[in-house]
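Here is the structure we will look at, set down as structure tokens.
The values are calculated or read from the model by the stated rules, or taken from the named source; none is laboratory data. Computed from a predicted structure; not experimentally measured. Don't worry about glycine lacking a Cβ; one is built from the backbone with ideal geometry, like all the others, and counts go over all protein chains shown.
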Amino acid sequence: MHTFSRLIKTDLRNRRTTMLVTLGAVILWNILMALLPVDLPAPKLGFIMTLNVAAIYVMLFIPFLHCFSTWNEEWRHRTVSYLLALPVRRKQLLASKYIAIVSEAILFMTVMAIGLSLQNAIHDGMMFRSEPLLTFDWPKFAFIVKIALAATCLIMLCFFSTLVGRCFGTMPALITFVTFTAGAFLSILAGLVQSAVPPALAFALLCLAFYLGSLYLLERKVGVE
């Protein structure tokens, strides 16, 4: 357990600079939005909210890129041999990197949520209705579970695609891209097609498949170039 916690801390420490820069940019963005005039008309407030949503997508794109870079950096810095030689199970390696990415995304989202709440309070609650966000019911819980499964499926797909690329000595980036594109198409299809299998269950099965595939590659196929 001590080694596992050190793995998580190491992954987070490796992302420290990027995380601090991103957090600074998010805080600065919210300060700029909060400094806008209070008496703005509703159409302009709607446009500001659209800009905030766009900022959230840009912010979450950074952890998404981290899903690929977290494994590639092990080869780039020649630390993969040390990583694979540690007295930990391969599933712990996957779990530590997964936890680091999720922690990064949650941190960004928490800061952005606080900023949006302050913006909304400054504009007397005219930007969005906060009451529906505070209520809790079964459909909302099911939606949150579906989003969490989809996010986990995406992270595991990125891991699997990167490790598949690393199994080949030539053109690993191209192979990673092709694998990710095929997996993403399959995941989107599973989420859109209404069949006998619910989308949440489909995401869970795909997530398990990508996880087991990554585990297999780490244990049997992936090595040092």
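Some observations on this one:
- Checked against the criterion of being surrounded by fewer than 12 Cβ atoms within 10 Å (Cβ to Cβ), modelled with pLDDT under 90 and among the hydrophobic types (A, V, I, L, M, F, W, C), region 148-163 has no qualifying residue.
- Criterion applied to Lys97, Lys91, Lys9 was being surrounded by fewer than 16 Cβ atoms within 10 Å (Cβ to Cβ), in contact with a helix residue (DSSP H, G or I) (Cβ under 7 Å, 6 or more places away or on another chain) and assigned to a helix (DSSP H, G or I), and the one residue passing it is Lys91.
- Tyr57 aromatic (Phe, Trp, Tyr), modelled with pLDDT under 90 and assigned to a helix (DSSP H, G or I): no
- All conditions but one from (1) in contact (Cβ under 8 Å) with a residue 24 or more places away in the chain; (2) more than 15 Å from Leu201 (Cα to Cα) apply to Pro139; the one that does not is (1).
- Residues of region 180-225 that are at pLDDT below 90, of a type in the set (S, T, N, Q) and under 20 Å from the mean Cα position of the chain (by Cα): Ser187 alone.
- Of the residues making up region 32-54, those that are of a type in the set (Val, Ile, Thr), assigned to a helix (DSSP H, G or I), exposed (fewer than 14 other Cβ atoms within 10 Å of the Cβ) and at pLDDT below 90 number 1.
- Among the candidates Asn72, Asn52, Asn30, the residue that is in contact (Cβ under 8 Å) with a residue 60 or more places away in the chain, over 30 Å from Met126 (Cβ atoms) and polar (S, T, N, Q) is uniquely Asn72.
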